[in-house]
Number of protein chains: 2
Amino acid sequence: MHKLDESLLAGIPPFRKLERAQIREILDAAQALRFDGGVAVFSEGMPVERFFLLLDGHIRVVRTTPGGEQIIALHISPGQLFGIGAAIGRTTYPATAMTADDCVALAWPNRLWPVFVENYEGFATETYKVVGERVGEMNNRIVEMATQQVEQRIANAILRLVTQTGRKVEGGIEIGMPITRQNLSDMTGSTLHTVSRLLSGWERDGIVLSERRKITVTAPHRLVMLSGAAG
Amino acid sequence: MHKLDESLLAGIPPFRKLERAQIREILDAAQALRFDGGVAVFSEGMPVERFFLLLDGHIRVVRTTPGGEQIIALHISPGQLFGIGAAIGRTTYPATAMTADDCVALAWPNRLWPVFVENYEGFATETYKVVGERVGEMNNRIVEMATQQVEQRIANAILRLVTQTGRKVEGGIEIGMPITRQNLSDMTGSTLHTVSRLLSGWERDGIVLSERRKITVTAPHRLVMLSGAAG
DNA sequence: CGAAGCTTTGACCTTGATCAATACGAGTGG
DNA sequence: CCACTCGTATTGATCAAGGTCAAAGCTTCG
């Protein structure tokens, strides 16, 4: 295994305030992992043994109901910590982490969590800020689900994906990870049929372009209108 | 102002591991507050200046949409910390805290948060455990909203209230705080009409008893069945 | 080429929202 | 004490959003 480069952690919030030497220590304690697309990094209910940092690829955090339906709780982009149950006193993972495409991640054993918190100034604060953001996002989802129509929820889901993973391409902004109608319906508590119908409509109206597992937003402002952001 | 008694904080998780003298310090730094029912302790968007511990009464954590609809994100029972945005790096409150009935709370200025974390062993860990529980609860709500029918969501909402605030009375378990049809609809993203119809039906079937702003569950097991806990 | 996964589209039906009317209880002021 | 009002609750009638059922087409891949 080759040595990991220190620049990997340079810009990432929890590590931002650290010395070069400290980052070296952290990297030396890390295990680097590769995953194919569509596999589980960890599963709901498993004991929390490690925490992760996603370096490349995209991860869907998924919960499954007793009835077998699944809903996507969260997406993780490169540079984000995930599986941080340790930070909030969980002993088992509350959800499953599925890779959406090929992924590279670092992993540390759980027992290092308190060590990092103890030794690295700002690590705890920055991490809890991330937790805070996710709580905020979850809160928004709850409000959305409770008050908005399916069309608005789907518009919001797409906008969220765009801001999190979007990249500019000719003619619009493309979502940087593979995404199916089914995925979108799992994010919004809807059905793939409804999502398909809506996307077809939007494509007819020139708001999006979509191919198999790919969506490009050509008129973001109009999507924002549709999302019900109180025009 | 009379001195606060140390027993107040005795059994409360974040303070559980502390010495008597430490509890004294904490209490001396606290401000005791009284609120009538139906008022805001703090409001969405306000800067986070204090954190609170609810001693008596009940609090609804509420978010309001641009369109004026409101949804209830969380209920706080006596003994719980709330308004702890400081813990997760928030600078403004993400929601409004409304008293459901008359309340008594302690408040500390925000700058004491890091002091508590620093000086009192276990304070941080226990608090983050609380955060973790709330995150879990929010997650469940999202899944519920995405996959369940209104009837199941309302059953679940009532069951949650029962476990959080229920007290045994003759003939069943009574929810320990005032709760209207409208409140229930705000918790489930439904309407007071639908809630009323369902409760009427349940009352006819002998599952609940309800008066004005009061609900008593007479057949909890049947409510659990209805809640869709995979029978 | 067949199979599996993704997408589209039409027809139909159920859930629960909306509209509307009424009633009841509790607090307030005359 | 009564009239008024406001917040709460009930119930019926109607309607539409979106789920379900069904069928078929298109890609990609082994």
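Just so you know, all these numbers are worked out from the coordinates, no wet-lab data involved. Keep in mind it's a predicted model, so treat the numbers as computed, not measured. For neighbour counting, all protein chains shown are included, and Cβ atoms are generated from backbone atoms with ideal geometry for every residue, glycine included.
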TODO: Can you tell me the relative contact order of the stretch B:6-144? Whole percent, Cα pairs under 8 Å, sequence separation 6 or more.
DONE: 32
Task: Minimum Cβ-to-axis distance in chain B for the rotation onto chain A, with residue, whole Å - done: B:M145, 2
Task: Overall form of the protein assembly as shown per C-alpha gyration tensor (a/c, 1.5; a/b vs b/c) - done: oblate
TODO: Tell me the GluC sites (Glu not before Pro) within the stretch A:146-231 that lie in a loop according to DSSP and have at most 11 other beta-carbon atoms within 10 Å.
DONE: A:E170
Open item on the list: Only four residue types carry charge here, +1 at the Cβ of Lys and Arg and -1 at the Cβ of Asp and Glu. Report the dipole size of chain B about the Cα centre in Debye, rounded to the nearest 20.
Closed with: 320
TODO: One decimal, nm, shortest first: give the distances between the label point of B:T194 and those of the same position in the other copies, each label point 7 Å from Cα along Cα→Cβ.
DONE: 1.1
Open item on the list: Going 7 Å from Cα along the Cα-Cβ axis for the label, what nanometre distances separate A:D5 from the same residue across the other copies?
Closed with: 6.5
Open item on the list: Could you identify which residue out of B:G172, B:G68, B:G201 has the top mean-square fluctuation in a GNM of chain B using Cα springs shorter than 10 Å?
Closed with: B:G68
Open item on the list: Can you show me the helix-derived [θ] at 222 nm for chain A, built from DSSP H runs with n ≥ 4 at -39,500 (n - 2.57) apiece and divided by the number of residues, rounded to the nearest 500.
Closed with: -12000 deg cm²/dmol
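Per the Kirkwood formula on distinct C-alpha pairs, the Rh of the stretch B:149-226 is how many angstrom?
Values: mean 1/r = 0.0828 Å⁻¹.
Computed over the stretch B:149-226, the radius equals 12.1 Å.
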- [ ] Along Cα-to-Cβ, 7 Å out, sits the label point; list in nm, shortest first, how far the one on A:T91 is from those in the other copies.
- [x] 3.9
TODO: For chain B, compute Rh as the Kirkwood radius over C-alpha pairs and then the Stokes-Einstein diffusion coefficient at 37 °C and 0.692 mPa s; write the answer in µm²/s, rounded to an integer.
DONE: 173
Open item on the list: Using +1 at the C-beta of Lys and Arg and -1 at the C-beta of Asp and Glu, which of A:Y128, A:T64, A:F15 has the Cα lying farthest in the positive direction of the dipole of the stretch A:6-144?
Closed with: A:Y128
